Amino acid sequence: MPPHDPTTTIPRPEPATAALPTFTGYRDLLGLVRQLSSLGGCAQPVRLEGQRIDVDSFTGEILRELKSKELPAGHLLVRCGNRRATRCPSCAELYRQDTYHLIAAGLRGGKNIPDQVATHPRVFATLTAPSYGPVHGRRTSGSARCRCGRTHTKGDPLLGTALDPERYDYTGAVLWNAHAPALWSRFMLHLRRTIAAIAGVPQRLLSKVVRVSYAKVAEYQQRGLIHFHAVIRLDGPAGPAGPYTPPPAWATPDLLADAIRISATRARIDGPEINGRARPFVFGEQIDTRIIRSTAFQGGTTITEGKVAGYVAKYATKGTEAATGTLDHRLKRITDLWFESVPEHAARMIRTAWALGTRDDLKHLNLRKWAHMLGFRGHFSTKTRAYSTTLSALRAARAAWHRRHTPPPHPTTLVLAHWAYDGTGLTPDLERLAALIGGGPTREQEVATRA
(Lines give C-alpha, C1' and ligand atoms only; values in the text may rest on other atoms or scores of the structure.)
Protein backbone atom coordinates (compact mmCIF):
# COMPACT_ATOMS: atom_id res chain seq x y z
CA MET A 1 0.00 0.00 0.00
CA PRO A 2 1.46 3.43 -0.92
CA PRO A 3 2.11 5.83 1.96
CA HIS A 4 -0.70 8.19 2.82
CA ASP A 5 -0.04 11.81 1.89
CA PRO A 6 -1.86 14.07 4.35
CA THR A 7 -1.83 16.89 1.80
CA THR A 8 -3.77 14.90 -0.76
CA THR A 9 -7.18 16.40 -1.46
CA ILE A 10 -9.97 13.84 -1.35
CA PRO A 11 -12.23 14.44 -4.34
CA ARG A 12 -15.80 15.28 -3.39
CA PRO A 13 -18.80 14.24 -5.45
CA GLU A 14 -20.35 16.95 -7.53
CA PRO A 15 -23.53 18.28 -5.89
CA ALA A 16 -26.73 17.39 -7.68
CA THR A 17 -27.60 20.88 -8.86
CA ALA A 18 -29.04 20.03 -12.24
CA ALA A 19 -32.56 20.92 -11.14
CA LEU A 20 -31.66 23.99 -9.11
CA PRO A 21 -30.94 26.48 -11.91
CA THR A 22 -34.51 26.14 -13.16
CA PHE A 23 -35.77 27.67 -9.89
CA THR A 24 -33.81 30.89 -10.48
CA GLY A 25 -36.39 32.01 -13.00
CA TYR A 26 -38.89 32.60 -10.19
CA ARG A 27 -38.62 36.00 -8.55
CA ASP A 28 -40.07 35.00 -5.18
CA LEU A 29 -38.64 31.58 -4.33
CA LEU A 30 -39.74 31.76 -0.69
CA GLY A 31 -43.26 32.68 -1.76
CA LEU A 32 -43.19 29.82 -4.26
CA VAL A 33 -42.29 27.40 -1.48
CA ARG A 34 -45.18 28.70 0.62
CA GLN A 35 -47.61 28.39 -2.30
CA LEU A 36 -46.59 24.81 -3.03
CA SER A 37 -46.61 23.89 0.66
CA SER A 38 -50.23 25.05 0.92
CA LEU A 39 -51.18 22.27 -1.51
CA GLY A 40 -50.19 19.69 1.09
CA GLY A 41 -48.56 17.36 -1.41
CA CYS A 42 -51.30 17.41 -4.07
CA ALA A 43 -49.77 15.71 -7.10
CA GLN A 44 -52.06 17.17 -9.76
CA PRO A 45 -53.18 20.66 -8.66
CA VAL A 46 -55.57 22.61 -10.85
CA ARG A 47 -54.08 25.76 -12.40
CA LEU A 48 -56.40 28.76 -12.53
CA GLU A 49 -55.83 32.12 -14.13
CA GLY A 50 -57.74 35.29 -13.39
CA GLN A 51 -57.96 37.82 -10.61
CA ARG A 52 -59.72 38.83 -7.42
CA ILE A 53 -60.41 42.42 -6.42
CA ASP A 54 -61.64 43.59 -3.00
CA VAL A 55 -63.47 46.92 -3.33
CA ASP A 56 -64.93 49.20 -0.66
CA SER A 57 -68.60 49.27 -1.62
CA PHE A 58 -69.05 52.83 -0.27
CA THR A 59 -65.99 54.63 -1.61
CA GLY A 60 -65.11 52.44 -4.58
CA GLU A 61 -61.54 52.19 -3.34
CA ILE A 62 -59.64 49.07 -4.34
CA LEU A 63 -58.52 47.54 -1.06
CA ARG A 64 -56.72 44.48 -2.41
CA GLU A 65 -55.97 43.04 -5.81
CA LEU A 66 -54.77 39.52 -6.55
CA LYS A 67 -53.74 38.51 -10.06
CA SER A 68 -52.75 34.96 -10.97
CA LYS A 69 -49.84 36.06 -13.13
CA GLU A 70 -48.35 37.92 -10.16
CA LEU A 71 -48.43 34.84 -7.89
CA PRO A 72 -45.09 33.05 -7.37
CA ALA A 73 -46.13 30.07 -9.52
CA GLY A 74 -47.82 32.23 -12.16
CA HIS A 75 -51.19 30.62 -11.43
CA LEU A 76 -53.61 30.15 -8.59
CA LEU A 77 -53.11 26.50 -7.57
CA VAL A 78 -56.02 24.50 -6.13
CA ARG A 79 -55.98 20.90 -4.84
CA CYS A 80 -57.30 18.44 -7.45
CA GLY A 81 -59.56 16.49 -5.06
CA ASN A 82 -59.04 13.19 -6.94
CA ARG A 83 -60.11 10.16 -4.91
CA ARG A 84 -57.71 7.73 -6.63
CA ALA A 85 -54.58 6.99 -4.65
CA THR A 86 -52.68 6.28 -7.88
CA ARG A 87 -53.44 9.76 -9.18
CA CYS A 88 -53.00 11.87 -6.05
CA PRO A 89 -52.14 10.18 -2.74
CA SER A 90 -52.70 13.37 -0.73
CA CYS A 91 -56.22 14.13 -1.97
CA ALA A 92 -57.10 10.41 -1.88
CA GLU A 93 -56.10 10.27 1.79
CA LEU A 94 -58.38 13.21 2.57
CA TYR A 95 -61.20 11.48 0.70
CA ARG A 96 -60.54 8.26 2.64
CA GLN A 97 -60.72 10.11 5.95
CA ASP A 98 -64.00 11.75 4.96
CA THR A 99 -65.41 8.35 3.98
CA TYR A 100 -64.24 6.92 7.29
CA HIS A 101 -66.15 9.57 9.26
CA LEU A 102 -69.21 9.07 7.05
CA ILE A 103 -69.23 5.31 7.68
CA ALA A 104 -68.36 5.65 11.38
CA ALA A 105 -71.17 8.16 12.00
CA GLY A 106 -73.67 5.57 10.78
CA LEU A 107 -72.23 2.95 13.13
CA ARG A 108 -71.77 4.84 16.39
CA GLY A 109 -73.46 8.22 15.93
CA GLY A 110 -72.08 11.71 15.63
CA LYS A 111 -72.23 14.26 12.81
CA ASN A 112 -75.91 14.97 13.65
CA ILE A 113 -76.65 11.21 13.85
CA PRO A 114 -77.98 10.07 17.26
CA ASP A 115 -75.75 7.80 19.32
CA GLN A 116 -78.60 5.28 19.60
CA VAL A 117 -77.77 3.93 16.12
CA ALA A 118 -75.00 1.93 17.83
CA THR A 119 -77.76 -0.25 19.33
CA HIS A 120 -79.56 -0.86 16.02
CA PRO A 121 -79.24 -4.14 14.09
CA ARG A 122 -76.13 -3.78 11.90
CA VAL A 123 -74.60 -6.27 9.49
CA PHE A 124 -71.44 -6.11 7.42
CA ALA A 125 -72.17 -7.87 4.11
CA THR A 126 -69.96 -8.84 1.19
CA LEU A 127 -71.59 -9.76 -2.14
CA THR A 128 -69.35 -11.20 -4.85
CA ALA A 129 -69.57 -11.93 -8.57
CA PRO A 130 -70.15 -15.40 -10.02
CA SER A 131 -67.43 -17.35 -11.80
CA TYR A 132 -66.82 -16.81 -15.50
CA GLY A 133 -64.06 -19.36 -15.72
CA PRO A 134 -61.29 -20.84 -13.54
CA VAL A 135 -58.50 -18.47 -12.51
CA HIS A 136 -55.17 -18.79 -10.74
CA GLY A 137 -55.64 -18.49 -6.97
CA ARG A 138 -54.39 -19.22 -3.48
CA ARG A 139 -56.55 -21.51 -1.36
CA THR A 140 -57.05 -20.71 2.30
CA SER A 141 -58.01 -24.26 3.29
CA GLY A 142 -56.77 -27.66 2.28
CA SER A 143 -53.99 -27.86 -0.27
CA ALA A 144 -52.45 -24.50 -1.18
CA ARG A 145 -51.69 -25.77 -4.68
CA CYS A 146 -53.53 -24.00 -7.52
CA ARG A 147 -55.33 -25.96 -10.21
CA CYS A 148 -52.46 -25.08 -12.51
CA GLY A 149 -50.25 -27.29 -10.36
CA ARG A 150 -48.26 -24.46 -8.77
CA THR A 151 -48.36 -22.87 -5.36
CA HIS A 152 -48.68 -19.13 -5.88
CA THR A 153 -47.10 -16.69 -3.47
CA LYS A 154 -48.86 -13.55 -2.35
CA GLY A 155 -48.41 -10.87 -4.99
CA ASP A 156 -47.88 -13.34 -7.84
CA PRO A 157 -48.98 -11.51 -11.03
CA LEU A 158 -50.73 -14.70 -12.18
CA LEU A 159 -53.26 -14.51 -9.33
CA GLY A 160 -56.72 -13.75 -10.65
CA THR A 161 -55.82 -14.37 -14.30
CA ALA A 162 -57.60 -17.00 -16.39
CA LEU A 163 -56.24 -20.53 -16.42
CA ASP A 164 -57.40 -20.84 -20.04
CA PRO A 165 -57.86 -17.37 -21.58
CA GLU A 166 -59.34 -18.84 -24.78
CA ARG A 167 -62.22 -20.43 -22.86
CA TYR A 168 -62.72 -17.74 -20.21
CA ASP A 169 -66.02 -15.85 -20.57
CA TYR A 170 -64.70 -12.30 -20.91
CA THR A 171 -67.97 -11.12 -22.42
CA GLY A 172 -69.94 -12.29 -19.40
CA ALA A 173 -67.41 -10.79 -16.97
CA VAL A 174 -67.52 -7.35 -18.61
CA LEU A 175 -71.32 -7.35 -18.83
CA TRP A 176 -71.61 -8.43 -15.18
CA ASN A 177 -69.50 -5.42 -14.15
CA ALA A 178 -71.69 -3.17 -16.29
CA HIS A 179 -74.89 -4.50 -14.69
CA ALA A 180 -73.55 -4.67 -11.11
CA PRO A 181 -75.14 -1.34 -10.01
CA ALA A 182 -78.56 -2.46 -11.30
CA LEU A 183 -78.11 -5.83 -9.60
CA TRP A 184 -77.42 -4.07 -6.28
CA SER A 185 -80.64 -2.07 -6.70
CA ARG A 186 -82.55 -5.29 -7.35
CA PHE A 187 -80.96 -6.81 -4.22
CA MET A 188 -82.16 -3.87 -2.10
CA LEU A 189 -85.66 -4.28 -3.52
CA HIS A 190 -85.66 -7.95 -2.53
CA LEU A 191 -84.19 -7.13 0.89
CA ARG A 192 -87.11 -4.86 1.77
CA ARG A 193 -89.57 -7.47 0.49
CA THR A 194 -87.89 -10.23 2.48
CA ILE A 195 -87.83 -8.22 5.71
CA ALA A 196 -91.52 -7.46 5.27
CA ALA A 197 -92.31 -11.14 4.65
CA ILE A 198 -90.30 -12.36 7.66
CA ALA A 199 -91.90 -9.76 9.93
CA GLY A 200 -95.39 -10.44 8.57
CA VAL A 201 -95.81 -6.81 7.50
CA PRO A 202 -97.36 -5.84 4.14
CA GLN A 203 -94.63 -4.49 1.91
CA ARG A 204 -96.45 -1.23 1.31
CA LEU A 205 -96.48 -0.59 5.07
CA LEU A 206 -92.85 -1.51 5.77
CA SER A 207 -91.62 2.10 5.61
CA LYS A 208 -94.07 2.98 8.39
CA VAL A 209 -92.51 0.36 10.65
CA VAL A 210 -88.81 0.09 9.79
CA ARG A 211 -86.28 1.73 7.49
CA VAL A 212 -83.34 -0.01 5.79
CA SER A 213 -80.20 2.15 5.60
CA TYR A 214 -76.84 1.25 4.14
CA ALA A 215 -73.46 2.50 3.01
CA LYS A 216 -71.44 0.48 0.51
CA VAL A 217 -68.23 0.53 -1.49
CA ALA A 218 -67.27 -1.38 -4.61
CA GLU A 219 -63.98 -3.23 -4.81
CA TYR A 220 -62.26 -5.00 -7.68
CA GLN A 221 -61.15 -8.56 -7.15
CA GLN A 222 -57.90 -9.68 -8.76
CA ARG A 223 -59.90 -11.39 -11.50
CA GLY A 224 -61.25 -7.95 -12.51
CA LEU A 225 -64.80 -8.41 -11.23
CA ILE A 226 -66.59 -6.09 -8.82
CA HIS A 227 -67.81 -7.11 -5.40
CA PHE A 228 -69.59 -5.00 -2.80
CA HIS A 229 -68.84 -4.38 0.87
CA ALA A 230 -71.79 -2.83 2.71
CA VAL A 231 -72.83 -1.82 6.21
CA ILE A 232 -76.59 -2.39 6.39
CA ARG A 233 -78.64 -1.10 9.34
CA LEU A 234 -82.27 -1.22 10.45
CA ASP A 235 -83.79 2.02 11.82
CA GLY A 236 -87.12 3.17 13.10
CA PRO A 237 -89.61 4.57 10.58
CA ALA A 238 -88.43 8.17 10.97
CA GLY A 239 -84.80 7.29 10.46
CA PRO A 240 -81.98 8.84 12.51
CA ALA A 241 -82.40 12.27 10.92
CA GLY A 242 -85.98 12.86 12.07
CA PRO A 243 -87.47 12.60 15.55
CA TYR A 244 -85.69 9.52 16.86
CA THR A 245 -87.70 6.33 16.85
CA PRO A 246 -86.08 2.97 17.65
CA PRO A 247 -86.46 -0.01 15.33
CA PRO A 248 -89.22 -2.46 16.30
CA ALA A 249 -88.40 -5.25 18.75
CA TRP A 250 -88.67 -7.93 16.05
CA ALA A 251 -85.91 -6.24 14.02
CA THR A 252 -82.88 -8.21 15.23
CA PRO A 253 -79.36 -8.58 13.77
CA ASP A 254 -80.01 -12.26 13.03
CA LEU A 255 -83.18 -11.41 11.13
CA LEU A 256 -81.28 -8.83 9.08
CA ALA A 257 -78.42 -11.26 8.32
CA ASP A 258 -80.86 -13.97 7.20
CA ALA A 259 -82.77 -11.50 5.02
CA ILE A 260 -79.53 -10.36 3.34
CA ARG A 261 -78.53 -13.92 2.46
CA ILE A 262 -82.00 -14.76 1.11
CA SER A 263 -82.22 -11.55 -0.92
CA ALA A 264 -78.75 -11.95 -2.41
CA THR A 265 -79.68 -15.39 -3.77
CA ARG A 266 -82.96 -14.07 -5.20
CA ALA A 267 -81.59 -10.93 -6.85
CA ARG A 268 -81.49 -11.34 -10.62
CA ILE A 269 -81.67 -9.10 -13.65
CA ASP A 270 -82.03 -10.04 -17.30
CA GLY A 271 -79.15 -9.06 -19.54
CA PRO A 272 -78.79 -8.81 -23.31
CA GLU A 273 -78.78 -11.73 -25.72
CA ILE A 274 -75.26 -12.42 -26.99
CA ASN A 275 -74.70 -14.95 -29.80
CA GLY A 276 -78.20 -16.33 -29.33
CA ARG A 277 -77.70 -16.80 -25.59
CA ALA A 278 -79.63 -14.81 -22.98
CA ARG A 279 -77.43 -13.59 -20.14
CA PRO A 280 -79.07 -13.15 -16.73
CA PHE A 281 -76.93 -11.72 -13.95
CA VAL A 282 -76.87 -12.83 -10.32
CA PHE A 283 -74.49 -12.63 -7.37
CA GLY A 284 -71.92 -15.33 -6.76
CA GLU A 285 -72.17 -18.14 -4.24
CA GLN A 286 -69.76 -16.46 -1.80
CA ILE A 287 -72.09 -14.27 0.27
CA ASP A 288 -70.68 -13.24 3.62
CA THR A 289 -72.69 -11.63 6.43
CA ARG A 290 -71.15 -10.59 9.75
CA ILE A 291 -73.23 -9.15 12.57
CA ILE A 292 -71.39 -6.08 13.83
CA ARG A 293 -70.67 -6.44 17.51
CA SER A 294 -67.71 -5.21 19.50
CA THR A 295 -66.22 -8.73 19.79
CA ALA A 296 -67.89 -10.71 17.02
CA PHE A 297 -66.36 -9.65 13.74
CA GLN A 298 -63.86 -11.43 11.52
CA GLY A 299 -63.86 -14.73 13.34
CA GLY A 300 -64.18 -13.40 16.87
CA THR A 301 -61.33 -10.91 16.63
CA THR A 302 -62.03 -7.85 18.74
CA ILE A 303 -62.90 -4.97 16.44
CA THR A 304 -64.63 -1.67 17.02
CA GLU A 305 -67.02 0.23 14.79
CA GLY A 306 -64.06 2.43 13.89
CA LYS A 307 -62.20 -0.55 12.47
CA VAL A 308 -65.24 -1.55 10.42
CA ALA A 309 -65.42 2.00 9.06
CA GLY A 310 -61.71 1.95 8.27
CA TYR A 311 -62.05 -1.37 6.46
CA VAL A 312 -64.85 -0.01 4.27
CA ALA A 313 -63.25 3.41 3.71
CA LYS A 314 -59.92 2.09 2.47
CA TYR A 315 -61.58 0.80 -0.71
CA ALA A 316 -63.06 4.20 -1.53
CA THR A 317 -59.71 5.41 -2.93
CA LYS A 318 -59.00 2.36 -5.07
CA GLY A 319 -59.97 1.48 -8.62
CA THR A 320 -59.15 -1.20 -11.16
CA GLU A 321 -55.46 -0.29 -11.00
CA ALA A 322 -55.17 -1.36 -7.35
CA ALA A 323 -56.24 -4.99 -7.84
CA THR A 324 -55.73 -5.75 -11.53
CA GLY A 325 -52.89 -3.42 -12.49
CA THR A 326 -54.94 -1.84 -15.24
CA LEU A 327 -55.64 1.81 -16.12
CA ASP A 328 -56.71 4.73 -13.98
CA HIS A 329 -57.73 6.88 -16.96
CA ARG A 330 -59.99 6.60 -19.98
CA LEU A 331 -58.94 5.48 -23.43
CA LYS A 332 -59.57 7.71 -26.42
CA ARG A 333 -58.69 4.96 -28.89
CA ILE A 334 -58.28 1.23 -28.36
CA THR A 335 -54.87 1.48 -30.04
CA ASP A 336 -53.72 3.54 -27.04
CA LEU A 337 -53.78 0.27 -25.10
CA TRP A 338 -50.64 -0.81 -26.97
CA PHE A 339 -48.66 1.89 -25.20
CA GLU A 340 -49.92 1.00 -21.73
CA SER A 341 -48.39 -1.53 -19.35
CA VAL A 342 -51.50 -3.62 -18.68
CA PRO A 343 -51.63 -7.33 -17.74
CA GLU A 344 -53.03 -9.49 -20.52
CA HIS A 345 -56.08 -10.59 -18.49
CA ALA A 346 -57.14 -6.97 -17.89
CA ALA A 347 -56.26 -6.05 -21.48
CA ARG A 348 -58.60 -8.76 -22.78
CA MET A 349 -61.42 -7.36 -20.63
CA ILE A 350 -60.73 -3.85 -21.94
CA ARG A 351 -60.73 -5.02 -25.57
CA THR A 352 -63.94 -6.98 -24.94
CA ALA A 353 -65.64 -3.91 -23.46
CA TRP A 354 -64.48 -1.83 -26.43
CA ALA A 355 -65.83 -4.36 -28.92
CA LEU A 356 -69.18 -4.69 -27.13
CA GLY A 357 -69.48 -0.91 -27.16
CA THR A 358 -70.25 -1.04 -30.90
CA ARG A 359 -73.51 -2.96 -30.38
CA ASP A 360 -76.67 -0.89 -30.69
CA ASP A 361 -78.46 -2.88 -27.98
CA LEU A 362 -75.63 -2.07 -25.53
CA LYS A 363 -75.25 1.64 -26.27
CA HIS A 364 -76.88 2.55 -22.95
CA LEU A 365 -74.02 0.87 -21.09
CA ASN A 366 -71.38 3.23 -22.56
CA LEU A 367 -68.88 0.38 -22.54
CA ARG A 368 -66.22 2.25 -24.51
CA LYS A 369 -66.36 5.11 -22.06
CA TRP A 370 -65.92 2.68 -19.16
CA ALA A 371 -63.59 0.18 -20.85
CA HIS A 372 -60.73 1.21 -18.56
CA MET A 373 -63.00 0.28 -15.63
CA LEU A 374 -63.56 -3.17 -17.17
CA GLY A 375 -67.19 -2.23 -17.83
CA PHE A 376 -68.14 -1.04 -14.33
CA ARG A 377 -69.89 2.33 -14.53
CA GLY A 378 -71.23 2.86 -11.03
CA HIS A 379 -70.09 4.94 -8.09
CA PHE A 380 -67.48 3.37 -5.84
CA SER A 381 -69.04 4.75 -2.66
CA THR A 382 -72.81 5.14 -2.19
CA LYS A 383 -75.26 5.28 0.69
CA THR A 384 -78.87 5.89 1.51
CA ARG A 385 -79.78 9.39 2.59
CA ALA A 386 -80.71 8.34 6.12
CA TYR A 387 -77.57 6.31 6.84
CA SER A 388 -75.42 9.21 8.06
CA THR A 389 -74.03 12.58 7.05
CA THR A 390 -72.80 13.38 3.53
CA LEU A 391 -69.41 14.13 2.03
CA SER A 392 -70.73 17.59 1.12
CA ALA A 393 -71.62 18.25 4.76
CA LEU A 394 -68.16 17.17 5.89
CA ARG A 395 -66.50 19.43 3.33
CA ALA A 396 -68.77 22.31 4.34
CA ALA A 397 -67.79 21.78 7.99
CA ARG A 398 -64.12 21.85 7.02
CA ALA A 399 -64.62 25.05 5.00
CA ALA A 400 -66.42 26.61 7.98
CA TRP A 401 -63.45 25.67 10.19
CA HIS A 402 -61.13 27.45 7.79
CA ARG A 403 -63.34 30.54 7.78
CA ARG A 404 -63.31 30.66 11.57
CA HIS A 405 -59.50 30.66 11.50
CA THR A 406 -59.19 33.22 8.70
CA PRO A 407 -59.63 36.97 9.30
CA PRO A 408 -63.02 37.85 7.82
CA PRO A 409 -63.30 40.69 5.27
CA HIS A 410 -64.85 43.98 6.30
CA PRO A 411 -68.66 43.93 6.05
CA THR A 412 -68.57 46.71 3.46
CA THR A 413 -66.06 44.95 1.23
CA LEU A 414 -67.26 43.80 -2.19
CA VAL A 415 -65.30 40.86 -3.64
CA LEU A 416 -65.09 40.62 -7.43
CA ALA A 417 -63.42 37.46 -8.69
CA HIS A 418 -63.02 35.71 -12.02
CA TRP A 419 -61.05 32.48 -12.37
CA ALA A 420 -60.70 30.28 -15.45
CA TYR A 421 -59.30 26.78 -15.82
CA ASP A 422 -55.85 26.76 -17.42
CA GLY A 423 -54.69 23.17 -16.88
CA THR A 424 -53.83 20.47 -14.42
CA GLY A 425 -50.49 19.56 -12.89
CA LEU A 426 -47.18 21.29 -12.25
CA THR A 427 -44.31 22.00 -14.58
CA PRO A 428 -41.35 19.60 -14.20
CA ASP A 429 -39.27 22.12 -12.24
CA LEU A 430 -42.15 22.84 -9.85
CA GLU A 431 -42.69 19.10 -9.42
CA ARG A 432 -39.06 18.75 -8.36
CA LEU A 433 -39.39 21.64 -5.93
CA ALA A 434 -42.63 20.20 -4.52
CA ALA A 435 -40.85 16.87 -4.05
CA LEU A 436 -38.03 18.62 -2.19
CA ILE A 437 -40.55 20.36 0.04
CA GLY A 438 -42.25 17.04 0.82
CA GLY A 439 -44.61 17.62 3.71
CA GLY A 440 -46.71 15.82 6.24
CA PRO A 441 -50.49 15.93 6.48
CA THR A 442 -52.21 19.05 5.19
CA ARG A 443 -54.25 21.29 7.43
CA GLU A 444 -57.35 19.89 5.73
CA GLN A 445 -56.27 16.35 6.60
CA GLU A 446 -55.59 17.37 10.19
CA VAL A 447 -59.07 18.92 10.40
CA ALA A 448 -60.59 15.73 8.91
CA THR A 449 -58.72 13.59 11.42
CA ARG A 450 -59.95 15.66 14.37
CA ALA A 451 -63.52 15.86 13.02
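The values are calculated or read from the model by the stated rules, or taken from the named source; none is laboratory data. The model shown is predicted, which means the values in this text are computed figures rather than measured ones. Here the Cβ is made from the backbone with ideal geometry for all residues, glycine too, and neighbour counts use every protein chain on show. What goes into the accessible areas is simple: the full protein's heavy atoms, side chains included, and nothing from ligands, DNA or RNA. Shrake-Rupley method; radii C 1.70, N 1.55, O 1.52, S 1.80 Å.
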Regarding Ala309, is this residue at pLDDT 90 or above, in contact with a strand residue (DSSP E or B) (Cβ under 9 Å, 6 or more places away or on another chain) and assigned to a helix (DSSP H, G or I)?
no
Looking at the structure I just gave you, is His120 over 30 Å from Ile269 (Cβ atoms) and in contact (Cβ under 8 Å) with a residue 40 or more places away in the chain?
no
Quick check on the range 43-65: of everything there that is part of a loop (DSSP other than H, G, I, E, B) and in contact with a strand residue (DSSP E or B) (Cβ under 8 Å, 6 or more places away or on another chain), which residue is farthest from His410 (Cα to Cα)?
Gln44
Under 7 Å by Cβ, and 6 or more places apart or on different chains, what pairs join a residue from the range 404-429 that is within 27 Å of Cys91 (Cβ to Cβ) with one that is of a type outside the set (Val, Ile, Thr) and in a helix (DSSP H, G or I)?
Leu426/Ala434; Asp429/Phe23
Only one of Arg122, Arg64 is surrounded by fewer than 21 Cβ atoms within 10 Å (Cβ to Cβ) and among the basic types (Lys, Arg). Can you tell me which?
Arg64
Checked the range 416-451 for anything modelled with pLDDT of 85 or more and more than 17 Å from Pro45 (Cα to Cα); matches are Leu416, Ala417, His418
Is there a residue in the range 387-407 that is on the phi < 0 side of the Ramachandran plot, open to solvent by less than 20 Å² (accessible area, probe 1.4 Å) and in contact with a Ser or Thr (Cβ under 7 Å, 6 or more places away or on another chain)?
yes
Could you figure out which of (1) over 16 Å from Thr427 (Cβ atoms); (2) within 35 Å of the chain's Cα centre (by Cα); (3) not acidic (Asp, Glu) isn't true of Ser68?
(1)
Please go through the range 324-341 and pick out each residue that is open to solvent by 30 Å² or more (accessible area, probe 1.4 Å), at pLDDT 85 or above and in contact with a helix residue (DSSP H, G or I) (Cβ under 7 Å, 6 or more places away or on another chain).
Arg330, Ile334
In the set Gly74, Gly155, the lone residue that is free of Cβ contacts under 8 Å to residues at least 60 places away in the same chain, within 30 Å of Cys42 (Cα to Cα), open to solvent by 40 Å² or more (accessible area, probe 1.4 Å) and not in a helix (DSSP H, G or I) is Gly155
Residue pairs, Cβ under 6 Å, 6 or more apart or interchain, first in the range 30-49 and in contact (Cβ under 8 Å) with a residue 60 or more places away in the chain, second among the aromatic types (Phe, Trp, Tyr). List them.
Leu32/Tyr26; Leu48/Trp419
